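Taking it in order: structure first as structure tokens, then the write-up.
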Amino acid sequence: MAGLIDDIKASFNKGNSMVRKLIIANIGVFLLIHAVKLFAYFITGNADNGNAINHWIYMPATPMVFITRPWSIFTYMFVHEGIFHILFNLLWLYYLGGIFQEYLGNKKLLKAYIYGGLAGGALYFIGMNIFPVLRYSAYYPYPLHGASAGVMAVIVGIATLLPNYEIRLFIFNIKLKYIALFMVVSSFIEMYGNNPGGNLAHVGGAIIGYLYIRYLSKRTFLDRIEEWTVGTWNKMFKKKDKKKIFKTYTTHMRVDNPVRPDQDEIDAILDKISKSGYDSLTRTERETLFKASKQDS
């Protein structure tokens, strides 16, 4: 237990960590919600009077209500009520989000989380209003909240990129692809339970996580336009800096290289991973991918 706490402290002391920022954002909203409820309890004697804040940040299933608070498709993914709900979501984000961040960088981790949350919210909204079994069920008015869809996108995304990567779970090692498969299958099965909308959101996040990694392994015409625009801008307005030696360390690799990896080389490596898995990479290719992720963070 002490080792786990030390690992968490060490990761939170790192400089620019998107995992840390997302965890802090979720904990901050969680504390704010319960502070409002506590205030309402002391003033009125009833903590339920503080639930008014939830109506504005949860995502409603009713179309006419959603129209009045469209921002809720974004805010819901940072909202939790129960301690175990936020605990399990943030533990998954800490462990697998850390791996995602290590290989693909901060920006792509944030995009996976946000895109997964948006897709989860959209599938929840569509499913709850299209399928009669949900539209006329007792669960229909229940609003959506929680980071699960965004976290699911991160889990499935990193499992798509590194399917055979193993992590220690309790007393045995398990590959990421089996973790992702278990999470997705569980979400489908639990749609029969008391949270069909939430599990629809999980599936939406999982789909986006897979598609996002597949997208990253392909270069599109829009990517080339963006690279040309950014490159031209930098040449015109940025001062020329002397080349620096970048030195980054992890438990399994060291990179010394003064030159940023070529985008075509990175795309080829990602494409190789999508076809043959991370284990098929050479040591040089792993170092190149790791260095690119750090420069993207």
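The table for this structure:
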{"read-out": "All positions within segment 160-176 that are within 17 Å of Lys272 (Cβ to Cβ) and part of a helix (DSSP H, G or I)", "value": "Thr160, Leu161"}
{"read-out": "Elements of type helices (runs of 4 or more DSSP H) contained in segment 23-110, each with 2 or more residues being touching a strand residue (DSSP E or B) at 6+ places or on another chain (Cβ under 6 Å) and at pLDDT 95 or above", "value": "72-75"}
{"read-out": "Residue match in segment 184-193 (condition: surrounded by 13 or more Cβ atoms within 10 Å (Cβ to Cβ), closer than 19 Å to Leu109 by Cα, at pLDDT 85 or above and not basic (Lys, Arg))", "value": "no"}
{"read-out": "Scan of segment 39-63 for residues that are under 20 Å from Tyr140 (Cα atoms) and exposed (fewer than 14 other Cβ atoms within 10 Å of the Cβ), ordered by number", "value": "Ala52, His55, Trp56, Pro63"}
{"read-out": "Scan of segment 271-286 for residues that are assigned to a helix (DSSP H, G or I) and modelled with pLDDT of 75 or more, ordered by number", "value": "Asp271, Lys272, Ile273, Ser280, Thr284, Glu285, Arg286"}
{"read-out": "Conditions (1) closer than 23 Å to Tyr113 by Cα; (2) not in a helix (DSSP H, G or I): number failed by Met183", "value": "(2)"}
{"read-out": "Ser148 on the phi < 0 side of the Ramachandran plot, hydroxyl-bearing (Ser, Thr, Tyr) and within 11 Å of the chain's Cα centre (by Cα)", "value": "yes"}
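The values are calculated or read from the model by the stated rules, or taken from the named source; none is laboratory data. Please read all numbers here as calculations on a predicted model, not as lab measurements. Note that we place each Cβ from the backbone using ideal geometry, even for glycine, and neighbour counts take in every protein chain shown.
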